[in-house]
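Here's the structure, in structure tokens; my notes come after.
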Amino acid sequence: MCLCFSFQVALLDRGWRRSGCFLYKPEMEKTCCPSYTIRLKASGFVPSKEQQRVRRRLERFLDGELDAKPSEQTEEQDVSFSREVSVSVRKSLGSAKREQNNEVEPIMKDLSEQIDIAVQKCIQSGEFPCNIQIPKASVKKVISAKRKKLAEGSEELLYTSNIAFPIVAAIKHTHTSEKGKKNVEESVLSAEVVSEKLLSAMDKVGKFMGFSVKVCKGHINFLSATRVVTSSERNDEESFSTTTRKSSSNNLHARKRKLEMHLKRSSFDPEEYELYKRYQLKVHNDKPESISETSYKRFLVDTPLIEVPPSRNDDQEKVPPCGFGSYHQQYRVDDRLIAVGVIDILPKCLSSKYLFWDPDFASLSIGNYSALQEIDWVKQNQAHCSTLEYYYLGYYIHSCNKMKYKAAYRPSELLCPLRYQWVPFEVAKPLLDKKPYSVLSNYTKVSPSSSSPQASETLGESTSEHEDMEQGVTNDDDDDDDVMYNSDEDSDSSRNRSDITNILISFDGPRLRYKDIPRIKNRMVLKELESRLVNYQKVVGAELSERMVYELR
């Protein structure tokens, strides 16, 4: 079967998809996971922060600042891998910090006790309220990597405490909860003032051997005039210095990469097939025996679309430079094939069919990046083809987490499975949250004031046609969808006999309208044929059934 492009677009807008030459459509009211056709208007698309990060990540990769993940990792495994690394790093850092803390724990404990004594002296002298609850002071060690930034002159910052901040919070709490008492002075409610008072009280308690105590921005800092470098610190600094030199050297000699995209007509390419096999085996865990050239061609190479060559002269603004048809969009980095997007370019839209990529580059989120590129392609080629407006992302399944990324490309619309009207995703989502299968266009009756500028003109034009069908119908009744579906069925049945007469039928070559074929005497054969034609017309629509060819074999 061959399809012209107007047929393909019309079928897309009735919930159909293609896999090779095979056209299919789910029975929405019967399947456990209803699949809604999803699209977006390219001119209105605004990338989210996450989508912008995808672009920047790939740009960093091309600039040589970022490496792709090893080939053993798939995209999902990369997420798990990075989490494991993060946990491992955190554990290592935590262990190192604990070792450092254990090394100086007696000193830190003594310093904390001295601060607690100073707090009590301030309470006894009336500088702090006597009824406040203050936690025990905590002194922390300043890691060696930060000491140079915080030290002043020849002194080195070793330990610090932020006890002034919880004291301020406690005073504020007491001041606001106990009405009628004398207000605490405004200066006392400052962490800087509190730390100064503690420093003064600590000087009265006694001098600290080997430390100079200073306050800075509310922190009590313990500094040593003599710099003592432990063996572990020396190793850390040497390691840090080596890493910095190595990193600087890598940045200076970073090799830039070149990304190229090639759009080619759908055809069998051995290189693409090898990449497809690797993708299926590593990402989808397919068995080797399930992958063959035949199945690959049937799935991603074969197409029912008739090719239309690039535009010329009079048709210059009607066809994009590449023409119309089925294509493979190749993504190459330094001439290495890393991804292939299978797409259909039609007069109204670019329809994304499939994408397979090199598992070595899973960390680059090539799936998201390719979608952004395809949306950009639609925008750029509207100058050549004014009717080219939409980007079709395939099916959206609300209950499937792996499918939810499609709704992140906004403003998106879902196709109503009954009336074939486009409904903004934000409007459809509450209906799908309630139940997987929903007549999405019902929202016009449920929320008449919820009209959205994002809704396509199809929805507005079609609403009046179904007003009589929607009378008395609300979305709260579980049987709504079935009632309205049957209503449409009855309407179809009443006109079946007259409608099918114009269906174009092919008999192994000759094409005739049903009304023009010789009379079939066998009533059983006639009844079977008419039943098949009725069902055919129901799924493709009356208009398309008169323009497409129904092939009898």
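Side notes on the structure shown:
- Pairs with Cβ under 8 Å, 6+ apart, first in the stretch 522-544 and exposed (fewer than 15 other Cβ atoms within 10 Å of the Cβ), second of a type in the set (Val, Ile, Thr): LEU526/ILE520
- Extreme residue, farthest from LEU418 (Cα to Cα), among residues of the stretch 511-521 that are in a helix (DSSP H, G or I) and open to solvent by 80 Å² or more (accessible area, probe 1.4 Å): ASP516
- Residue check, VAL378 among the β-branched types (Val, Ile, Thr) and either modelled with pLDDT of 95 or more or under 25 Å from LYS318 (Cα atoms) (or both): yes
- Any chance ILE397 is open to solvent by less than 30 Å² (accessible area, probe 1.4 Å) and either out of contact with any Cys (no Cβ under 6 Å at 6 or more places or on another chain) or at positive phi (or both): no
- The stretch 335-363, residues that are under 17 Å from the mean Cα position of the chain (by Cα) and at pLDDT below 95: ALA362, SER363
- All positions within the stretch 45-60 that are in a loop (DSSP other than H, G, I, E, B) and under 10 Å from LEU364 (Cβ atoms): none
- Flag for LYS49 being open to solvent by 20 Å² or more (accessible area, probe 1.4 Å) and touching a Phe, Trp or Tyr at 6+ places or on another chain (Cβ under 8 Å): no
- Index of the failed condition, VAL283 passing every other in (1) farther than 30 Å from GLY44 by Cα; (2) of a type in the set (A, V, I, L, M, F, W, C); (3) open to solvent by 20 Å² or more (accessible area, probe 1.4 Å); (4) over 20 Å from the mean Cα position of the chain (by Cα): (4)
- Filter pass, LEU440 being at pLDDT 80 or above and surrounded by 15 or more Cβ atoms within 10 Å (Cβ to Cβ): yes
- The stretch 484-510 - residue that is among the polar types (S, T, N, Q) and modelled with pLDDT under 80 and, of those, farthest from CYS416 (Cα to Cα): SER506
- Some residue of the stretch 304-320 being of a type outside the set (Asp, Glu), closer than 18 Å to ASP376 by Cα and open to solvent by less than 70 Å² (accessible area, probe 1.4 Å): yes
The values are calculated or read from the model by the stated rules, or taken from the named source; none is laboratory data. Remember, predicted model here, so these are calculated numbers, not experimental data. When we count neighbours, we look across all protein chains shown, and the Cβ atoms used for this are built from the backbone with ideal geometry, even at glycine. Ligands, DNA and RNA are stripped out before the accessible areas are found, and what is left, the full protein with its side chains, is counted by its heavy atoms. Shrake-Rupley method; radii C 1.70, N 1.55, O 1.52, S 1.80 Å.
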